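Working notes, structure below.
The values are calculated or read from the model by the stated rules, or taken from the named source; none is laboratory data. Predicted model only: the values in this text are computed from it and were never measured. Methodologically, a virtual Cβ is constructed for each residue, glycine included, from the backbone with ideal geometry; neighbour enumeration extends over all protein chains shown.
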Amino acid sequence: MPNKMDPDERELLLAFEKGQLKSVATKGELTKLKAAARATALKDRRVNIRLSSGDLSDIQVRALEEGIPYQTLIASVLHKYVTGRLTDRPSASPPTAKPPASKSGR
């Protein structure tokens with residue numbers, strides 16, 4: 001596998017491997033973060049949904065780009081939505097065309 005790290009990434013990896021990096025998080029912060037990670041990772045319910053073939057294909061492509069299973073991507077998007085962390089961003093599609101101005105021939 002080719003090395004795709006840039007110089008900054010290689011420097012960070014080298015520092016990590018030498019044990020030169022130290023955490024700045026407090027024990028309380030680490031405990032809180034670990035609890036949040038456990039709660040987020042806990043999946044104790046199953047849901048079945050119907051999606052259009054096109055939407056499912058697009059989700060699978062996006063998941064492949066992210067390097068995660070598509071079910072995980074769907075769960076992540078839903079989690080972000082219900083926690084208020086899912087934000088809208090401008091659409092890449094062109095704006096809709098305005099209807100032509102009406103001609104008044106009175």
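Contact map, the range 81-97: first residue part of a loop (DSSP other than H, G, I, E, B), second residue modelled with pLDDT of 70 or more and acidic (Asp, Glu), Cβ cut-off under 8 Å, separation 6 or more or different chains; the map is empty. Filtering Leu12, Leu21 for residues that are on the phi < 0 side of the Ramachandran plot, modelled with pLDDT of 90 or more and either part of a loop (DSSP other than H, G, I, E, B) or of a type outside the set (Lys, Arg) (or both) leaves a single hit, Leu12.
Evaluate the following for Leu56: is it surrounded by 10 or more Cβ atoms within 10 Å (Cβ to Cβ) and more than 15 Å from the chain's Cα centre (by Cα)? Considered against the rule, which asks whether it is surrounded by 10 or more Cβ atoms within 10 Å (Cβ to Cβ) and more than 15 Å from the chain's Cα centre (by Cα), Leu56 comes out as yes. Of all residues in the range 34-63, those being in a helix (DSSP H, G or I) and either modelled with pLDDT under 85 or in contact with a Leu (Cβ under 8 Å, 6 or more places away or on another chain) (or both) number 10. Residues in the range 1-59 that are free of Cβ contacts under 8 Å to residues at least 24 places away in the same chain and of a type in the set (Val, Ile, Thr): Val24, Thr26, Thr31, Val47, Ile49, Ile59. Of the residues examined, Ala63 is one that is under 28 Å from Thr87 (Cβ atoms) and in contact with a Pro (Cβ under 9 Å, 6 or more places away or on another chain).
For the range 23-42, give me each residue that is surrounded by fewer than 10 Cβ atoms within 10 Å (Cβ to Cβ) and under 17 Å from Lys80 (Cβ atoms). Selection gives Ala39, Ala41, Leu42.
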